[in-house]
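Below is one structure, written out as C-alpha cells; comments come after it.
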Amino acid sequence: MKTRQVAPANYRNMFLLSATYLRRGIFLSSWIIWFFFLPLHAQVAIQWQQCLGGSKQDFAHSIQQTADGGYVVAGYTNSNNGDVSGNHGSNDFWVVKLDGSGNIQWQKCLGGTGDDVARSIQQTADGGYVVAGYTYSNNGDVSGNHGSNDFWVVKLDGTGNIQWQKCLGGTFEDDALSIQQTTDGGYVVAGYTWSYNGDVSGNHGSPDCWVVKLDGSGTLQWQKCLGGTLYDAAFSIQQTTDGGYVVAGYSESNNGDVSGNHGSNDFWVVKLDGSGTLQWQKCLGGTGIEMAYTIVQTADGGYVVAGYANSNNGDVSGNHGDFDYWVVKLDGLGTLQWQKCLGGSDDDWASSIRQTADGGYVVAGYSQSNNGDVSGNQGNYDYWVVKLDGSGTLQWQKCLGGTDDDRATSIQQTVDGWFVVTGNASSSDGDVSGNQGTIDFWVVKLTESNTVIFETTLMENRGLPVWPNPATTHLIVASKEPFIQNVAVFDLLGQKCLTIALLPTENQLTLDVSSLAPGIYFLEAQGTFSRSVAKFVRK
C-alpha cells in the first residue's frame, strides 16, 4: 500500500541549520528537535451503516449525496412494511431520502400493479429528483405504457411528490439504466430496447443501446438506436464538457455501428455529439466476456470505464482468474491509456466508478474472492471498495458485509472527502445490522484517510491547543512556541485549504474556518525550529 507524505517545505533547511549549530558546539538544550515521522496510514472504517426495507426483497441501484448533505437512494421494493409504505403491488420504484447520518427523512413507492424497477436517480437543479428505470404497469402512478416494459422516467419535487412521468418505448422490452440532467435543463437517458415502433426507430436487430433526449418537461426531443445485429446494451451515460454524450455498455455485434469486437461481449464505449450523432466508438476486451457498467469523463478530458472481464488477451491483461474488476482509462478520443484487472481467483464485478478529488478513482462492486488483491472477505459476496491512484495503482481496498450475499451497486465521494456506497445486503452479521428481511437496501458511509501527516515530537512537550473543537466558523490556535511563521490547514486528501502567514512574535490567532466544508482537518503550525500538528473537526 502506497502512502503519500506531506512534509514541511523547510524541513531540509531546519535540519541543516540545527546541524550547523551542533557543529559549532552550541548546546541547544531547549531547541534540539527529534523528528519522528509517524505516518497515518490509509485507514478505512465504517462511519455508519443502515439497512432499509421490509420483510421482502428491497434492491438499491443508485445513490447520490444531496445539496443538504444527506443522500437519496433509488431501487425497487416488493415490501409493504418496515420502512416501506405505499407499495402498489409487485415491485415498485422505491426512493428514500436520508439525512447526513443515514436516518430516513421520507420514502416513496412509485408504480402500479406490475413490475417497476428504478435504476438511476439524480438530484435536479430545482432541488427535486429525476428517476429512471422500467415499468410493466399502466395504472397507479404509471400511464402511457406502450406494451411490455417501457423506460419510465419520473420527476419528483424535493419531498418526493410526482411532478410528471413519462413512459418511453415500443411494444417490446425497453429498460432505462442511467439518467442525467443536461445543461439545458432537460434529461438524457440510456438503456436498451427490443422495440421497433412507438418512440423507437432505427433498431439494428436484437436489443440495441437506446439513448433518449428529453426536454425539462419530459417531452421527447430525439432518440438514437446504437448497435448491430446482436446484443447491445447501454448501462451508463454522461454529458461531456463539449455538450455531447459518452455512453458505456457492452456489445456482441461487429457490424452496424459496432466495429473492432474482440469476441463474445466487449466493453462498448460510444461518443455522441449534442444531437446524438455518433462521433466515435470503441470495442475493448478480449475473447472472453467483458461488460462495462459505468463511465465518467475525467478531469483531463478522457474517460474511465469499469465493469468486469474474464479475458486475459486482447486489451485485457493481469486477470487473476474468473471475472475481475476491469478498469480502463481512455483519452478524449477513446484510445486506451491503461487498464487494470483487480480481484482474486473468484468472481469480482465492478458496478460503479468515480474520479476522486485527488485525481484517483474509487470503484465499488462485489467480490467472492479472498486472495490476490482482495482481503477481508466475510463470506459469499461482499461489497468490495477499491481506491486507485491516477495511474490505476491500488492504494487500498475494503470488503464490507457478512456471511451471506452483499453486493454494492453505486458509490460516490462525499463533500467531506469520504465515500458513501449502496447496494443490497442479505447478511445480518459481520458489518451488517438491522436487516429487516431477505434482502435490504444497505447504505454504508465510509471514512478514509490516504494522507500522511508528519507529526513532530520535541524534547520539550510543545502541544498545539485549538478550540473550540469541533469548530463552526472560527478556530482559536495557540502555541507555546513564540516563533510561529505560518499556519496551514490540510483536508484528508492532503490538499491545502488555508494558509496564513503570521508575524514573527504571534503565537495565538483566530482562524476563520467558515469556508471549509464539514469534515476532519489537520492544522499545521510551523516555526523556525519546530512544527506542530493538531486535528480538528469543522461541523
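The values are calculated or read from the model by the stated rules, or taken from the named source; none is laboratory data. For clarity, every value in this text was computed on a predicted model and none was experimentally measured. Every residue, glycine as well, gets a Cβ built from its backbone with ideal geometry; the counts of neighbours run over all protein chains shown. Areas reflect the complete protein model, heavy atoms only, side chains present, ligands, DNA and RNA absent. Shrake-Rupley method; radii C 1.70, N 1.55, O 1.52, S 1.80 Å.
Counted residue by residue at 0.36 nm each, then reduced by the alpha carbon distance between them, the extension gain from residue 277 to residue 104 reaches 58.1 nm. Within the accessible surface of the range 284-434, defined with a 1.4 Å probe on protein heavy atoms only, the carbon and sulfur portion equals 43 percent. Legend: residues 119, 538, sorted from most to least accessible area (1.4 Å probe; ligands, DNA and RNA excluded), read 119, 538. Solvent-accessible surface (1.4 Å probe) assigned to residue 496 amounts to roughly 120 Å².
Projected label points at residue 510 and residue 287, each 7 Å from Cα along the beta carbon direction, are separated by 7.3 nanometres. Computed extension length for residue 183-residue 520: 118.0 nm, one decimal, from 0.36 nm per residue of separation with the Cα-Cα distance subtracted. Computed on protein heavy atoms with a 1.4 Å probe, the accessible areas place 217, 369, 515, 148 in the order 515, 217, 148, 369, largest first.
Each residue, residue 535 and residue 357, gets one label point 7 Å from its Cα in the Cβ direction; the gap between the two is 1.7 nm. Between the range 290-309 and the range 48-105, what's the alpha-carbon centroid distance in Å? What the calculation gives is 27 Å, centre to centre. Cross-link partners of residue 535 among aspartates and glutamates, defined as those whose alpha carbon lies under 19 angstrom from its own and excluding same-chain residues fewer than eight positions apart: 416, 448, 455, 481, 491, 512, 524. Taking label points 7 Å from Cα along the Cα-to-Cβ direction, residue 313 and residue 438 give a separation of 4.1 nm.
Once you have a ≥ b ≥ c as the square roots of the Cα gyration tensor eigenvalues for the range 247-357, tell me rounded if a/c is under 1.5, and otherwise prolate or oblate according to whether a/b is larger than b/c.
Values: a/c = 2.05, a/b = 1.27, b/c = 1.61.
Because a/c hits 1.5 or more and a/b fails to exceed b/c, the range 247-357 counts as oblate.
Here the calculated FRET efficiency for residue 240 and residue 393, from their Cβ-Cβ distance with R0 = 22 Å, stands at 0.25, rounded to the nearest 0.05. At R0 = 51 Å, how high is the FRET efficiency between residue 338 and residue 81 if r is their beta carbon distance? Nearest 0.05 is fine. Efficiency, rounded to the nearest 0.05: 0.60. Exposure check, 1.4 Å probe, all protein chains in place: residue 235 carries approximately 40 Å² of accessible surface.
Among residues other than residue 325 with Cβ under 11 Å from its Cβ, the summed charge is -3 (Lys and Arg +1, Asp and Glu -1). Subtracting the Cα-Cα distance of residue 113 and residue 486 from their residue separation scaled by 0.36 nm leaves 127.8 nm.
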